[in-house]
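Have a look at the structure below, then the notes.
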Amino acid sequence: MTQSSIQGGDGRPLATIKDVTDVLGEIDDATLSAIMDLRPTITDVEEASVWMSGDRDVFGAGAPLKDVAGEIVSLLGDDEADLPPEI
């Protein structure tokens, strides 16, 4: 991962576009822009990726994903809803 020199409010480095695409893969420009507008940290992006991979037990049984990571999942979930169902 690359390290951003810009830090979030909690002192952790903010994710770069490269960080986001390295972790989440190909994302359309509008969704990528919306994610970057959230000013996510690398941890936020990684948590969203783990959540979307189905490994939700990492966060505790039944615990919802919160904050920026949750917003990323919501944005990506909206994007996936536009795709045709897989056969």
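As a rough footprinting exposure proxy, the listed residues Ile27, Ile35, Ile42 were ranked by other beta carbons within 10 Å of their own, and the order from fewest upward is Ile27, Ile42, Ile35. Neighbours of Leu38 by Cβ distance under 11 Å: Lys/Arg scored +1, Asp/Glu scored -1, total -3.
Taken together, the values in this text are just the output of simple stated rules run on the coordinates, not laboratory data. If you're wondering where the values come from, they're calculated on a predicted model, not measured in any experiment. Positions of Cβ are generated from backbone atoms using ideal geometry, with glycine treated the same way; all protein chains shown enter the neighbour counts.
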